[in-house]
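A.B. asks: Below you will find the structure I want to go over with you.
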Amino acid sequence: MSGDLMDGDDAPRARGRHRGCATCSSLRAYERAVQYVQADETAGETDDRLPEAVGRLRGVPTFRGGPDLMRCPECGTWYLYESAYEFLIGFGGSYDEQTVTRLSDAEALDHLGGSTSAGGHARGPEAPSTAPADDEDATARAAIGYATRMARAHAARAGRDALLAALPGGDGAAGREPTPSWFLFGLNLAGALIPHTDVLDDPDYVAFLRGLFADLFDFLVVVYRGDPAQELAELYRAFGSGIRCGPVLPLLLPAGARPGIAPVMAEVHRILEALYEDERRRQDQMGY
């Protein structure tokens, strides 16, 4: 199936999706801005700023010490943001510099995987698509560990300290090694984030949850190369339904207009329907 990341015949379309985007079509592949402490206009030194469209890009959390990745919320194109300050004695030549570089999906995957080949950063969780095929549990643990740290980072930035102990990876029993099961991870995450569905009546809390799950969806799309339907189906089951709100997970995921989410969710529903049919046949065979 096709998602945000594409292979084979769909790859050229993925690489060129920025051309039809209102935000990305106004950005060059490489943008640079410099602000001088004491600009020398006679030498052609004048302050400039990154294009306004850069402000519409959304930051994507990476591992601690990792690169600053940004993503377009309209078309899903990835960018690397870098900044530097050059201090020169005498101040006259000192300056701030910011650059934004468009990335391919493969390059974004490499950054999210924490490759030490780019800048010598500490290594993050290995992406499932690059891990040994015979070690699926280790792969899932790495991805779930990353998702856990992402959830905790969102809670910390939002000042929701009470969640930090309850979230997987916190103090006590929740601090065990990550499970290799997305379903069990989802149960733990749902129990921490949504102890009862009344919390979904709080608009501020729902906004916090949607911010977290937008980043979680982006992460899953990248590490599973556009096809995270199986993992999302497990999370869908884990989060369950509320009497008043219905299925919980669709309330938290990005809107249907988000690039790639419609086909992914269609596959999620196909998986869940197949599970339901299998369970119904099993019960019929057992005479329930």
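A.B. asks: Of all residues being surrounded by 15 or more Cβ atoms within 10 Å (Cβ to Cβ) and modelled with pLDDT under 85 in region 237-288, which is farthest from residue 77 (Cα to Cα)? Just the residue, please.
C.D. replies: 242
A.B. asks: Could you identify the single residue in 198, 135, 218 that is among the acidic types (Asp, Glu) and at pLDDT 85 or above?
C.D. replies: Details: 135 fails: at pLDDT 85 or above; 218 fails: at pLDDT 85 or above.
Sole residue among the options that is among the acidic types (Asp, Glu) and at pLDDT 85 or above: 198.
A.B. asks: Also: Of everything in region 227-265, what is more than 19 Å from residue 141 (Cα to Cα), touching a residue at least 24 places away in the same chain (Cβ under 8 Å) and of a type in the set (Gly, Ala, Ser)? Give them in sequence order.
C.D. replies: The answer is 240, 242, 260.
A.B. asks: For region 249-275, how many residues meet the condition of being within 23 Å of residue 207 (Cα to Cα) and either small (Gly, Ala, Ser) or touching a strand residue (DSSP E or B) at 6+ places or on another chain (Cβ under 6 Å) (or both)? Outline the logic, then answer.
C.D. replies: Here is the first cut: in region 249-275, the ones within 23 Å of residue 207 (Cα to Cα) are 249-262, 264-265.
Filter once more, keeping what is either small (Gly, Ala, Ser) or touching a strand residue (DSSP E or B) at 6+ places or on another chain (Cβ under 6 Å) (or both): 255-257, 260, 262.
Going through region 249-275 one residue at a time, the tally reaches 5.
A.B. asks: Another question about this same structure. Among the residues of region 154-165, are any over 30 Å from residue 77 (Cα atoms) and either modelled with pLDDT of 85 or more or of a type outside the set (A, V, I, L, M) (or both)?
C.D. replies: Looking for residues that are over 30 Å from residue 77 (Cα atoms) and either modelled with pLDDT of 85 or more or of a type outside the set (A, V, I, L, M) (or both), one finds at least one in region 154-165, hence yes.
A.B. asks: Sticking with this structure for a sec: Filter region 186-226 for residues that are under 13 Å from the mean Cα position of the chain (by Cα) and outside any helix (DSSP H, G or I) and give the result.
C.D. replies: Once the filter is applied, which keeps residues that are under 13 Å from the mean Cα position of the chain (by Cα) and outside any helix (DSSP H, G or I), region 186-226 yields 224, 225, 226.
The values are calculated or read from the model by the stated rules, or taken from the named source; none is laboratory data. From a predicted model like this one, the values you see are computed outputs, not experimental measurements. So basically every Cβ, Gly included, is an ideal-geometry build from the backbone, and we count neighbours across all protein chains shown.
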